[in-house]
Structures are given as C-alpha cells and as structure tokens.
Amino acid sequence: MSRRVKTAAAQLGPIHRADSRASVVKRLVEMLKEAAGRGSTFVVFPELALTTFFPRWWIEDPAEIDRYFEAQMPSPETLPLFELARQKGIGFYLGYAELVEEAGRLRRFNTSILVAPDGRIVGKYRKVHLPGHVEHRPAAPYQHLEKKYFEVGDLGFNVWKMFDSGARVGQCICNDRRWPETFRVMALKGAEMVVLGYNTPTDNVYAPHEPPYLRVFHHNLSIQAAAYQNGIWVVATAKAGREDGFWLHGGTAIVAPTGEIVAKANTEEDEVIAYDCDLALGEYIRNTTFNFAKHRRPEHYRLIADRTGVEIETEN
Ligand code: ING
C-alpha cells in the first residue's frame with residue numbers, strides 16, 4: 001500500500017487583539033472544510049492559532065495575559081473544530097497558548113498538538129526555542145516576550161504514528177525551525193514528516209537594518225535545509241498579515257524530502273494549500289546521502305549537546 005498523506009497547510013491571515021476565539025475558530029473550520037473538499041486528510045494550522053501574537057505586547061495584568069491562554073483543549077470554543085475534523089476523518093496540528101496546573105503550580109507554554117482523525121489528541125509539544133526578551137523595551141516598535149509569557153518546553157522533540165499508513169509525524173513551533181538540532185532529533189527517532197506553525201514578524205526588531213526579503217529567505221532556507229538534511233517532509237504554516245498593524249510574513253510552504261518547495265501560499269490571508277505527500281520519497285535520501293547509521297560520527301559531535309554557548313577554543 002502506498003504510504004501517502006494528503007496534507008494541507010491552512011494559513012491564517014491576521015488575528016487582531018479584538019477578535020474573539022469564536023470568530024477565529026469559524027475561520028479554522030472554514031479552512032478545514034476547504035481542505036477536506038480538496039481531499040486532504042491532515043491539516044496543519046499555525047502557531048498560536050487562536051489569538052493574536054500577544055507576545056508583541058507588554059502586558060502587566062496577569063488576568064489579561066491569561067485571557068490569551070487555553071485552560072482546556074478542546075475548550076467549548078474549539079470543540080467545533082474537533083467535531084468537524086472527526087466527522088470528516090481529518091487529523092490536524094494546532095498551535096495555542098497552554099495554561100495548565102501541574103504538580104500544584106500553574107504553568108504556561110507555547111504549545112502544539114497533533115489530533116488524530118478520530119478527534120483524539122495523539123501528541124503534545126511545548127516550544128523549546130523561545131526567542132525574544134523578558135524585559136519591557138518601550139523604545140522598540142514592538143516587543144517579543146515569549147521568554148516572559150512561556151516556560152521552556154519540557155516534553156522534548158518527539159514523533160507519533162498517525163493515520164492508517166502509520167506515518168511517523170513530528171512537530172515543532174516557529175523559532176524551532178531555525179535550529180537544526182530540532183529536526184535531527186526527530187529524524188533520529190524515525191520522523192518521516194515534521195509539521196510546524198509560525199508567527200514571524202516581517203521586520204527584525206533586533207536588527208532593524210535587516211531587509212524584509214531576508215526574513216522570508218531565512219524562513220525558506222531553514223525549512224528546506226531541514227527537509228533535505230533529514231530526508232523528511234516539512235510543512236510550515238504561517239499566521240500572516242498585519243495584526244493591529246504589526247506585519248507577520250507569509251510563506252506557508254510544503255517542502256519535499258528533496259528540499260524542494262512543492263506547494264506555497266501566495267497571499268497573507270486565510271489560504272489553504274495542499275499536496276499529496278508520498279512518504280516513500282524520503283527513503284532514498286535517508287538510505288544514501290543521509291544514511292545516519294552509515295555516515296554519522298557522533299563521537300565528533302559531543303560538543304553540540306554538551307556546550308550551550310560559544311567558548312573560543314582555537315587550535316593555534
Ligand atoms: N517568531 C520568530 C521566528 O523565529 C524570530 C522570531 C524571527 C527570531 C526572526 C529570530 C529571527 O520565526 C517566533 N514566534 O518564534
């Protein structure tokens with residue numbers, strides 16, 4: 001039996017601070033219907049897909065901050081999405097801000113879940129690479145406060161079997177895509193596809209000189225390299241457009257294990273792209289060029305795991 005996953009990336013246009021969850025879920029539901037109509041059995045939604053990208057705002061009132069979090073999943077507002085997906089027999093990836101009580105204390109994560117076609121949550125991921133800063137930078141045009149609002153993810157990078165084909169699917173979130181370690185760990189666990197959502201500002205608040213075209217170049221570079229260097233499918237779905245005037249770039253894409261972009265969004269609005277991903281395509285790459293067992297030499301890579309930052313150490 002050919003192992004194919006008819007995959008859709010459901011890009012969201014802007015979600016404004018004033019937009020209700022219900023209005024957003026309605027948009028997600030419409031895109032899931034469109035994906036189903038195009039034969040998709042797996043839909044990848046963006047990071048923080050239920051709210052505006054609130055880490056751009058300095059918010060001091062804890063109650064206001066927590067209004068952006070989900071204390072349960074599915075929640076009454078998101079249940080319609082789960083129910084429609086189950087009716088249609090479609091699995092999906094959804095990013096959201098998770099508020100949870102664990103070991104007697106409240107914890108907050110930038111989270112994504114994989115939901116099976118029967119509506120069950122198969123797997124959860126909590127974002128490991130949190131970009132940005134924790135202090136208020138009033139002079140900056142916007143904040144990037146993921147390190148303030150979220151804890152570092154504590155679940156690691158994992159892979160789950162999905163669909164009748166038993167597709168081995170990994171998941172991550174946004175900034176994670178810039179770190180090769182993210183995909184390598186999941187590829188070493190046998191991932192055949194890694195899916196992710198992202199919210200990426202068009203301008204670089206840390207390097208205002210950086211031209212906007214480079215942002216999309218770096219996005220494509222990251223996901224194409226990840227796909228090729230691990231012989232896996234990569235699906236990356238944006239929340240895009242101007243949220244209350246703050247611009248997030250699009251560039252939603254489905255990347256083949258060869259590193260080629262096979263489907264790409266060309267708007268910065270709600271847009272569904274789809275591709276029939278043949279899981280076998282990655283096999284020749286994982287059995288030859290990137291045959292990890294045959295070619296990798298971890299004895300020479302120890303530093304990657306043991307050292308966090310740069311420590312200058314030249315041979316001369
Ligand atoms: N957003 C951005 C991202 O990694 C960023 C933050 C942009 C960091 C560009 C560094 C350079 O795509 C999130 N949400 O991680």
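The values are calculated or read from the model by the stated rules, or taken from the named source; none is laboratory data. Bear in mind that the values here come from a model prediction, so they are computed numbers and not experimental data. Please note: Cβ atoms are built from the backbone with ideal geometry, for glycine as well, and neighbour counts cover all protein chains shown.
TYR284 meets each of the listed conditions (1) assigned to a helix (DSSP H, G or I); (2) in contact with a strand residue (DSSP E or B) (Cβ under 8 Å, 6 or more places away or on another chain) apart from (2).
Residue count for the range 247-270, restricted to those that are buried (at least 21 other Cβ atoms within 10 Å of the Cβ) and not in a loop (DSSP other than H, G, I, E, B): 4. For the range 33-51, taking the residues that are in contact with a Phe, Trp or Tyr (Cβ under 8 Å, 6 or more places away or on another chain) and farther than 21 Å from ASP278 by Cα, the one that is nearest to the ligand (Cβ to nearest atom) is identified as GLU47. Scanning the range 156-201 for residues that are assigned to a loop (DSSP other than H, G, I, E, B) and either among the β-branched types (Val, Ile, Thr) or over 23 Å from TYR275 (Cβ atoms) (or both) yields a count of 6. If you go through the range 84-99 and pick out every residue that is among the hydrophobic types (A, V, I, L, M, F, W, C) and within 12 Å of PHE150 (Cβ to Cβ), you end up with 2. If you take the residues in the range 37-63 that are small (Gly, Ala, Ser) and out of contact with any strand residue (DSSP E or B) (no Cβ under 8 Å at 6 or more places or on another chain), which one is surrounded by the most Cβ atoms within 10 Å (Cβ to Cβ)? Filtering the range 37-63 for residues that are small (Gly, Ala, Ser) and out of contact with any strand residue (DSSP E or B) (no Cβ under 8 Å at 6 or more places or on another chain), the one surrounded by the most Cβ atoms within 10 Å (Cβ to Cβ) comes out as GLY37. Counting only strands (runs of 3 or more DSSP E) that sit completely within the range 59-135, those holding 1 or more residues that are touching a residue at least 60 places away in the same chain (Cβ under 8 Å) and either under 20 Å from MET31 (Cβ atoms) or away from the ligand (no atom under 16 Å from the Cβ) (or both) correspond to 91-102, 105-115. In the range 155-207, what residues are of a type in the set (Ser, Thr, Tyr) and away from the ligand (no atom under 14 Å from the Cβ)? Residue satisfying the conditions is SER165 alone. When ARG178, ARG215 are checked against the criterion of being over 30 Å from LYS88 (Cβ atoms), in contact with a Gly (Cβ under 9 Å, 6 or more places away or on another chain) and at pLDDT 95 or above, ARG215 stands alone in meeting it.
The set of residues in the range 13-51 being under 13 Å from ASN110 (Cα atoms) and β-branched (Val, Ile, Thr) consists of THR51 alone.
The set of residues from the range 219-234 being surrounded by 15 or more Cβ atoms within 10 Å (Cβ to Cβ) and assigned to a helix (DSSP H, G or I) comprises HIS219, ASN220, SER222, ILE223, GLN224, ALA225, ALA226, ALA227, TYR228, GLN229, ASN230.
THR237 fulfils the conditions (1) among the hydroxyl-bearing types (Ser, Thr, Tyr); (2) part of a helix (DSSP H, G or I); (3) in contact with a Pro (Cβ under 9 Å, 6 or more places away or on another chain) except for a single criterion, (2).
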